[in-house]
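The values are calculated or read from the model by the stated rules, or taken from the named source; none is laboratory data. Owing to the predicted nature of the structure, the values given are computational and were not obtained by experimental measurement. Backbone-built Cβ (ideal geometry, glycine too); neighbour counts: all protein chains shown.
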Amino acid sequence: MHPRDIAAAAAIVLLWSVNFSANKIAVGQFPPVMMVAMRFALIGAMLAPLLRPTGKPFWRIALIAFTLGGLHFGLFFSGLKGIGAGMSAIVTQLAVPFSAVLAAVFFRERTGLPQVAGMALAFAGIYVIVGEPTLEFDALHLGLAVASALAFAAANIQIKLLGPVNGFVLNAWIAVLAAPQLAIVSLIGEEDQFAALAAADWRGWSAMIFTTVSGGVVAYGLWYYLLGRYAVNRIVPLTLMAPAFAILIAGVVLNEPLTWKVLAGTALTLIGVAAIQLRQASSRKPGRRCDAKRDRS
C-alpha cells in the first residue's frame, strides 16, 4: 500500500476505536435511531458543498445509502443500546466472515478450509464473550448488532461493485439520503425524542458531535476512499486492530469489565478473522488484472 493509504488506514483504526465508547455514551442519552438521523443530518450539512454527480448510477448510490445508512447504522445503534461498547467492537468483526461469504458469491473468491475454520473461530469467540456473566446485554440487542455487521458487509460489496469514487462525495450522498429514512423510522418506532433532546447533558452532545465528525465524516470518508482503490478482503482486515483498542478504551472510559472470558473471546474472534484474511491473501493470484488496477501500492 502507498504510505498515504497506510496513514489513512491508521487514522480509521484510531478513530473507530474511540468512537465505540463515544457512541455508547451518546445512545445512553438519545433514542438510537433518532441519534443516527441527527448524525447523518449533521454530516449532510457539513458535506453539502461536496454534493455533485458521482458519475455512477444514482440508484446504486441510493441503495448503498439504504444498506449502510438505514440498515447498518440503524441496527448497530439500536443494538448498542443494550450491549457494551467493547462487545459491540467485537461483534462488528463478524463483518469479515460475512464479507468473505459475499465476496465468494459476487467476486467468485475461493473459500477454502482455513477460511471456514476462521469463520468458526470468529463466531466461537462471540459465543465465549456472550457467556461472560459480568457483561450486561440481552439477546435482542446482540442480534441487532450481528445483523448490522451483515448489513455492513453487504454495503462493502455494493461500494466495491460501484468502483472508484470520491469517498467524501459518496459520504455526502449517503448522509443526505439516509437522514430522512432514519427520521421517519424514529418518528414511527421511538418515543420521547424531544424530551431526550432537552434532557441531554454536555457529555451526550459532545459524544454525538465527536462521533459525527470523527467517525461519520473523517473515518468513513477515508474508508470509502480505500475501498475504491483496494480489494475488499485486503481492506477489511485493517479493522482488526480497532476492537482491541476499543475494548481497552471502554474499560478505562466506561469501566467495562476486562475478564479472561472477554479477552479469550476477543482473541478467538480476531484469530478467526485473521485466518480468513491470510488465506484470502495467499490464494490471490499475483497477476490478476482486477487487483493490478485497484491495488496501486
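For the stretch 157-173, name all the residues that are over 9 Å from Tyr225 (Cα atoms), under 17 Å from the mean Cα position of the chain (by Cα) and at pLDDT below 85. Listed by number, the list holds a single entry, Lys160.
Could you go through the stretch 259-268 and let me know if any residue there is under 15 Å from the mean Cα position of the chain (by Cα), modelled with pLDDT of 70 or more and not acidic (Asp, Glu).
no
Okay, residues lined up against (1) crowded, with 21+ Cβ neighbours inside 10 Å; (2) farther than 24 Å from Gly70 by Cβ; (3) within 15 Å of the chain's Cα centre (by Cα); (4) among the hydroxyl-bearing types (Ser, Thr, Tyr):
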| site | (1), (2), (3), (4) |
| --- | --- |
| Asp5 | no, yes, no, no |
| Ile12 | yes, no, yes, no |
| Trp16 | yes, no, yes, no |
| Asn19 | yes, no, yes, no |
| Phe30 | yes, no, no, no |
| Met34 | yes, no, no, no |
| Ala37 | yes, no, no, no |
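Filter the stretch 181-205 down to the residues that are part of a helix (DSSP H, G or I) and either within 14 Å of the chain's Cα centre (by Cα) or loosely packed, with under 14 Cβ neighbours inside 10 Å (or both) and list them by number. I'd like the intermediate steps shown before the answer.
Of the residues in the stretch 181-205, the ones part of a helix (DSSP H, G or I) are 181-189, 193-199, 202-205.
Across the stretch 181-205, the qualifying residues are Ile184, Leu187, Ile188, Gly189, Phe194, Ala195, Ala198, Ala199, Trp202, Arg203.
In a residue-by-residue description of the stretch 73-86, the property of being in contact with a Ser or Thr (Cβ under 9 Å, 6 or more places away or on another chain), of a type outside the set (Ser, Thr, Tyr), modelled with pLDDT under 90 and closer than 30 Å to Ala275 by Cα applies to at least one position.
The residues listed here are Glu256, Glu190; of these, the one that is farther than 21 Å from Ala95 by Cα and at pLDDT 90 or above is Glu190. Checking the stretch 44-52 against the condition returns no match, with no residue being out of contact with any Cys (no Cβ under 7 Å at 6 or more places or on another chain), buried (at least 24 other Cβ atoms within 10 Å of the Cβ) and either within 20 Å of Gln158 (Cβ to Cβ) or not aromatic (Phe, Trp, Tyr) (or both).
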